[in-house]
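What follows is one structure encoded as structure tokens, with my remarks underneath.
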Amino acid sequence: MRKNVGGSERFLRFILGIAICGLFFVLEGNLRWVAMIGLWPLGTSAISWCLLNKMIGRNSCKIQYSK
């Protein structure tokens, strides 16, 4: 897999993922499980690859890899 998530986008995804997952401790009832959606931006920031970016042809990673 080629990386398609760059440095600043990785940082923003990490912060957004932490914030959304933090809602797990704030929300009550079954609604709190919706906060697990925050695992998606956390995971994509960890591996620097996002399926949605690939599908729309977006690449914010500055490093170009040869084929």
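What the table shows:
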item: Subset of the range 2-34 [open to solvent by 90 Å² or more (accessible area, probe 1.4 Å), under 19 Å from Cys61 (Cα atoms) and assigned to a loop (DSSP other than H, G, I, E, B)]; result: Arg2
item: Filter pass, Ser60 being open to solvent by less than 60 Å² (accessible area, probe 1.4 Å), outside any helix (DSSP H, G or I) and not hydrophobic (A, V, I, L, M, F, W, C); result: yes
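The values are calculated or read from the model by the stated rules, or taken from the named source; none is laboratory data. Keep in mind that what you see is a predicted model, and the values were worked out from it rather than measured. When the accessible area is computed, the model is the full protein with side chains, heavy atoms only, and any ligands, DNA or RNA have been set aside. Shrake-Rupley method; radii C 1.70, N 1.55, O 1.52, S 1.80 Å.
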